[in-house]
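Notes to accompany the following structure.
The values are calculated or read from the model by the stated rules, or taken from the named source; none is laboratory data. Bear in mind that the values here come from a model prediction, so they are computed numbers and not experimental data. Heads up, the Cβs are rebuilt from the backbone with ideal geometry, glycines too, and the neighbour counts pull from every protein chain shown.
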Amino acid sequence: MKKLIISLVIVALLSPYANASYGYTKRVTILSLNKTTKNLTIEHENKLWLIHYTGKCDELTEGGEVILSITSTLNSNGDLLKVSNYRTCPIDQAQVITGKLNIDYVYAAETNAIITDESGDKYWMYVDARCTTLPRYWKSYVYTFQGGPKIAKGDYIYLPRNEGKCSITYLDEYAESTSVEKPEGDVQSPTMVSEVTAVPEDGAVRLNWKPASDNVAIDYYIISYSPYHINTENFEVNSMPNRIKTTETSYEVTGLTNKRNYYFYVLAVDTSGNQSSDWSPEETAMPQSSITTYTPPVAHEDLTISKVQETTSSFLFQWNRLPSVIRQTVILETDGKRQFVSTEWIGDSIRIDKRTDRKGKDMKLIVRQYDIHGQMFEDTIEFKF
């Protein structure tokens, strides 16, 4: 009896699925496979899916079958490709797609390219800054999710190595017989709005955010809010609820119900009407009657970094702490590359060693302070030795 119990325990421990809990498994056919980028496509729930996996699953073959082990719905949260009882590969990307685009040419250090769709039609395409790593090697491609029968502005593309997604910001037919010219006018989208903070008030929420940047200029921002979570990918801008236009980077949304959670999103629009590629990350707040109404912060001195000491082996920098500051970030860059980042710096000084690998390089110290109102203050100092 003891031997039986021990054997059962050993089998349970050795089994790669002993502690896994899957909603169901499903055998599917691999429609396409690229072992170099670890991508495959399958049909699941009557849709075409892009699957990116990690690990070593050399037994996979195009046209062959593989078992999906799915927790609840197919995504990258614990789902697996099961090749055999002893070989599995975690799924770290699962996206519904409609096809792929061949990349004919990518302009160096830019986000514009010449592409060919699966129908053989060529286009001149711009994408947002999240796809600066468009593949540039021979016979390269990206996956696409189209909202209509033909590729169009606003459709999404997925990079082949699970490097994220971006949207198409400009698209025009390309004629090979003509010389390539960049589109006239401003077609570049502003950056996404970031660092949004939502401060609850009595029947209101005060929003603050970091200004977006643009190659020409930002014209205004659009705020959208709702008492329910919104998947912004499923809505056109004009279909988003409770839209508010403002030229400022701070806004008080009033007329809200206390003790009810609200979800906020912000979008930038430039002077040519180009919109950010996506809304800002979702921010939430719950108005409360016990909260004192917001009052603008009192103006105070600027944040200033000073070099207070230099020795043969180090620099010493100090700065002033502004009123109401609750958090500091300190960043050290060398030749434009970040060497050090601390998002919770406590002191008001830092000593930087004159290391051999830093000699002769352009160095920059950046200090950012965030106050209780969500405002960010920054100063930088450049130095070298």
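State whether the residues of the stretch 66-81 include one that is modelled with pLDDT under 85, assigned by TED's automatic domain parsing to the domain that holds Thr169, small (Gly, Ala, Ser) and part of a loop (DSSP other than H, G, I, E, B). The answer is no; no qualifying residue exists.
It is to be established whether one or more residues within the stretch 227-241 are of a type in the set (S, T, N, Q) and in contact with a Pro (Cβ under 7 Å, 6 or more places away or on another chain). Within the stretch 227-241, not a single residue is of a type in the set (S, T, N, Q) and in contact with a Pro (Cβ under 7 Å, 6 or more places away or on another chain). Give me the residue from the stretch 111-120 that is closer than 27 Å to Asn234 by Cβ and assigned to a loop (DSSP other than H, G, I, E, B) and, out of that set, modelled with the lowest pLDDT. Among those residues, the one meeting the criterion is Thr111. Of all residues in the stretch 190-202, those that are in the same structural domain as Phe264 (by TED's automatic domain parsing) and within 20 Å of Gln288 (Cβ to Cβ) have Cβ atoms under 7 Å from Cβ atoms of residues that are modelled with pLDDT under 90 and of a type in the set (Val, Ile, Thr), 6 or more apart or on another chain, in Pro200/Ile291; Glu201/Ile291; Glu201/Thr293; Asp202/Ile291; Asp202/Thr293. So, of the residues in the stretch 165-188 that are modelled with pLDDT under 80 and surrounded by 12 or more Cβ atoms within 10 Å (Cβ to Cβ), which turns out to be farthest from Asn39 (Cα to Cα)? Only one residue fits best here, namely Asp186. Hey, can you tell me all the residues within the stretch 322-375 that are assigned to a helix (DSSP H, G or I) and either crowded, with 16+ Cβ neighbours inside 10 Å or touching a helix residue (DSSP H, G or I) at 6+ places or on another chain (Cβ under 6 Å) (or both)? Arg358, the sole residue that qualifies.
Would you point out the residue of the stretch 241-260, among those that are part of a loop (DSSP other than H, G, I, E, B) and surrounded by 13 or more Cβ atoms within 10 Å (Cβ to Cβ), that is nearest to the chain's Cα centre (by Cα)? Among those that are part of a loop (DSSP other than H, G, I, E, B) and surrounded by 13 or more Cβ atoms within 10 Å (Cβ to Cβ), it is Thr249. Of everything in the stretch 344-360 that is within 28 Å of Met376 (Cα to Cα) and of a type outside the set (Gly, Ala, Ser), the residue that is nearest to the chain's Cα centre (by Cα) is Glu344.
Scanning the stretch 212-234 for residues being touching a Phe, Trp or Tyr at 6+ places or on another chain (Cβ under 9 Å) and not in a helix (DSSP H, G or I) gives a total of 11.
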